[in-house]
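J.: Dropping the structure in here first, questions after.
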Amino acid sequence: MRRGFLVARSIARAGRQRLASRQADQRAGTQSPQLFHTPMTDIATRVYNHNWKIDPIVRSVLDTDFYKLLMAQTIFRRHRDVAVTFGILNRTSSVKLSSLIDEGELKEQLDHIRTLSLSRGESTWLRGNMFYGKRQMFAPDFIAWLEAFRYPPYHLERRGDQYELTFEGPWIETTMWEIPALAVLMELHSRAVTKGLGKFELQVLYARAMTRVWEKIGRLKLLPGVRIADFGTRRRHGFLWQDWCVQAMIEGLGPAFLGTSNCLIAMRREVEAIGTNAHELPMVYCALAGNDRELAEAPYKVLADWQQDYDGNLRVMLPDTYGSSDFLERAPDWVTHWTGVRIDSGDPIEGGEMAIDWWRRRGQDPREKLIIFSDGLDVDAIERIHAHFHGRVRIGYGWGTLLTNDFRGFGPDGRLDPFSIVCKVVSANGRPAVKLSDNPLKAMGPAAEVARYRRVFHVGEQMSLPVAV
C-alpha cells in the first residue's frame with residue numbers, strides 16, 4: 001500500500017516540476033501562454049468534497065469521443081433527417097443500476113448536459129487544429145451546426161433493477177447522446193459505490209489504482225515499437241480519473257502514446273484526438289436497406305461515403321458488424337487500398353491473421369497496412385498480440401475500459417469492478433437495427449432480424465467469448 005502512495009507522490013512531484021519548468025519558460029518568454037498546464041488534480045480530495053454542481057460529469061460538448069464528431073459530419077452531410085433511436089443496454093445484469101443510482105441525480109446530470117453548448121475556444125480548436133495531419137478537418141457548415149447544437153430530450157424510466165434510457169429524433173442529434181449518457185451512468189455508479197468512504201480510504205483507493213495503471217504503463221513501454229491510444233471515455237471511472245490516466249500515459253510512454261479519443265482532454269492536454277468510425281454507421285445504413293440485396297451492399301456504401309469525406313489513417317474499416325469473414329471476402333477491390341482494419345470482437349489473433357491473409361490474397365503488402373486492436377484490451381492481451389504480430393504489420397492499440405476504469409478488487413464486494421454497458425442504435429426510420437459481431441454474445445436486435453442478417457451475410461457458427469467490458 002505504501003508503494004501506491006510513493007507512486008502517486010512521485011507522479012505528482014513530476015507534475016509540479018513540469019509546472020515549475022513551464023512557469024519559468026513563460027517568464028523567460030520561451031513558451032506561449034496557451035501551452036501552460038494546470039497542476040495535477042488531487043482526485044481523492046475532489047471526490048471526498050464532491051458536489052456535482054462543481055464537478056458535473058459531462059462538462060463540455062467536446063467531452064465525447066473524436067469518432068462521434070467524424071461520424072456526425074458524415075451524418076450531417078447525408079442523413080441528418082433520418083429518425084434514429086438509441087438505447088442503453090446493460091449487458092451485466094448483476095449490476096442493478098436503478099438500485100444503485102438515484103433517479104433524481106441521473107436526471108440532474110442528463111438535464112445539465114442539455115444546457116451545454118460549444119464554447120468559442122472549443123469552436124476555434126475544431127476549426128484551426130490539425131487532426132491526422134490535416135487542417136480544417138471539419139467543414140464550416142458542420143461547425144456552424146455544432147455551435148448551435150443542443151442535446152435533444154431523453155426518455156428515462158425504471159424497469160425493475162435497471163433504467164430504460166432512450167433518445168429519439170434526427171440521427172444527427174441523437175447520435176451525440178451515446179458517449180455522455182454512458183459516461184454519466186458509469187460515473188454515477190462509481191460515486192454511489194464510493195459514497196461514504198473517508199478521506200484516507202479514498203486516498204488509499206486512488207493510490208492503489210494509480211499504482212496499477214503505472215505498473216501497466218511500465219510493462220507497455222518495454223514492447224518494441226508499441227503505439228497505443230486512450231479509448232476509455234465511454235466506460236470510465238470518472239472524468240478526472242480519465243484525465244489522470246492520459247497524463248500518466250503522456251509521462252510514461254512518451255512518443256509511444258498516440259493520443260486520446262476524448263476531444264476535451266485532447267484539447268486541454270495538447271495531444272492527438274484519435275478515432276475513426278463505429279458500428280453505428282453500418283447499423284443504420286443496413287436498417288434503411290429496402291431489400292436483401294441492398295442490405296448486403298449497405299456496409300460498403302458506408303465505406304464509399306466515408307472515403308469521400310476522409311483519407312489517410314482515417315480510412316480504417318470496422319469489418320465485424322455483420323461478420324468479418326464475409327465482409328472481407330465480398331469487399332470490392334477498392335477497399336483493399338484502405339489504410340487498415342480495426343479488430344473489435346472475436347479472437348484478436350484470428351482476426352489479425354484473417355486480415356493479413358486477405359491483404360495478401362488481394363495483392364497488398366501487410367507490412368504497409370495497419371491493424372488497430374480495441375476489444376476489451378488489457379496489458380496481458382496487448383503483450384500477447386504484440387508478440388504475435390510485431391514486424392508483420394503496423395499495429396496500434398485502443399486501450400479502453402481497463403485503462404480508465406480498472407478498479408477490480410478495490411471496492412467492497414467487487415462493486416467497483418467495471419461492467420459491460422453500451423448505447424446502441426435501436427431503430428432507423430422505424431426499422432429495427434441489428435448488430436451481429438464476431439462474438440455472438442455481442443449480437444443485438446430482434447431475433448427474426450438477427451436470423452435474416454445471419455442469412456444475408458453468410459454468418460455460420462461462431463465462438464462465444466466472455467464480454468467483460
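Residue by residue, here is whether (1) of a type outside the set (Val, Ile, Thr); (2) crowded, with 22+ Cβ neighbours inside 10 Å; (3) part of a helix (DSSP H, G or I); (4) at pLDDT 95 or above holds:
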{"residue": "TRP214", "(1), (2), (3), (4)": "yes, no, yes, yes"}
{"residue": "PRO224", "(1), (2), (3), (4)": "yes, no, no, yes"}
{"residue": "GLU251", "(1), (2), (3), (4)": "yes, no, yes, yes"}
{"residue": "PRO255", "(1), (2), (3), (4)": "yes, no, yes, yes"}
{"residue": "PRO282", "(1), (2), (3), (4)": "yes, yes, yes, yes"}
{"residue": "ALA289", "(1), (2), (3), (4)": "yes, no, no, yes"}
{"residue": "TYR300", "(1), (2), (3), (4)": "yes, no, yes, yes"}
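J.: Which one of these is closer than 19 Å to ILE88 by Cα and aliphatic (A, V, I, L, M): ALA451, ALA428? Can you show your working first?
T.: Numbers: ALA451 fails: closer than 19 Å to ILE88 by Cα.
Criteria check complete, one pass: ALA428.
J.: Okay, moving on. Which residue out of ALA278, ALA273 is touching a residue at least 40 places away in the same chain (Cβ under 8 Å) and surrounded by 22 or more Cβ atoms within 10 Å (Cβ to Cβ)? Quick ask: steps written out before the conclusion?
T.: Working: ALA278 fails: surrounded by 22 or more Cβ atoms within 10 Å (Cβ to Cβ).
Step by step, each of ALA278, ALA273 is checked, and only ALA273 is touching a residue at least 40 places away in the same chain (Cβ under 8 Å) and surrounded by 22 or more Cβ atoms within 10 Å (Cβ to Cβ).
J.: Are any residues in region 106-126 surrounded by 15 or more Cβ atoms within 10 Å (Cβ to Cβ) and part of a helix (DSSP H, G or I), and if so, which ones?
T.: Within region 106-126, LEU106, GLU108, GLN109, LEU110, HIS112, ILE113, GLU122, SER123, TRP125, LEU126 qualify.
J.: If you don't mind, there's one more thing I want to ask. So which residues in region 124-140 are in contact (Cβ under 8 Å) with a residue 40 or more places away in the chain and either more than 14 Å from TYR310 (Cβ to Cβ) or β-branched (Val, Ile, Thr) (or both)?
T.: Result: TRP125, LEU126, ASN129.
J.: Right, here's the next one. Which condition from (1) surrounded by 22 or more Cβ atoms within 10 Å (Cβ to Cβ); (2) touching a Cys at 6+ places or on another chain (Cβ under 6 Å) is the one that MET317 breaks?
T.: Failed condition: (2).
J.: Could you identify the single residue in ALA181, ALA144 that is crowded, with 20+ Cβ neighbours inside 10 Å and at pLDDT 95 or above?
T.: Working: ALA144 fails: crowded, with 20+ Cβ neighbours inside 10 Å.
Every option except ALA181 fails the conditions.
J.: Hey, among the residues in region 323-348 that are under 25 Å from ARG452 (Cα atoms) and in a loop (DSSP other than H, G, I, E, B), which one's farthest from the chain's Cα centre (by Cα)?
T.: Ranking the candidates gives PRO332 first.
J.: May I pose another question? If you go through region 32-51, how many residues are at pLDDT 55 or above and in a loop (DSSP other than H, G, I, E, B)?
T.: Step one: list which residues in region 32-51 are at pLDDT 55 or above, which gives 38-51.
Of the ones still in play, those that are also in a loop (DSSP other than H, G, I, E, B) are 38-42, 49-51.
Matching residues across region 32-51 total 8.
J.: Kindly indicate the residue of region 188-212 that is closer than 20 Å to GLY376 by Cβ and not small (Gly, Ala, Ser) and also surrounded by the fewest Cβ atoms within 10 Å (Cβ to Cβ) among those meeting that condition.
T.: Looking only at region 188-212, we keep the residues that are closer than 20 Å to GLY376 by Cβ, and these are 189-190, 209, 212.
Next, from what is left, pick out any that are not small (Gly, Ala, Ser): 189, 212.
Values: HIS189: 23, ARG212: 19.
Per the stated criteria, the residue is ARG212.
J.: Out of curiosity, is PHE410 among the aromatic types (Phe, Trp, Tyr) and under 30 Å from GLY238 (Cβ atoms)?
T.: Details: among the aromatic types (Phe, Trp, Tyr): yes; under 30 Å from GLY238 (Cβ atoms): yes.
Judged against the criteria, PHE410 is a match.
J.: Checking PHE86 against (1) in a loop (DSSP other than H, G, I, E, B); (2) within 21 Å of the chain's Cα centre (by Cα): exactly one of these is not met. Which one?
T.: The failed condition is (1).
J.: Determine whether region 227-237 contains at least one residue that is over 28 Å from GLY259 (Cα atoms) and of a type outside the set (Lys, Arg).
T.: Looking through region 227-237, none of the residues is over 28 Å from GLY259 (Cα atoms) and of a type outside the set (Lys, Arg).
J.: So ALA278 passes all but one of these: (1) out of contact with any strand residue (DSSP E or B) (no Cβ under 6 Å at 6 or more places or on another chain); (2) assigned to a helix (DSSP H, G or I); (3) among the hydrophobic types (A, V, I, L, M, F, W, C). Which condition number does it fail?
T.: It fails just one condition, (2).
The values are calculated or read from the model by the stated rules, or taken from the named source; none is laboratory data. What you are looking at is a predicted structure, and each value in this text was computed from that prediction instead of being measured. In this analysis, Cβ positions are derived from the backbone assuming ideal geometry, glycine residues included, and neighbour counts consider all displayed protein chains.
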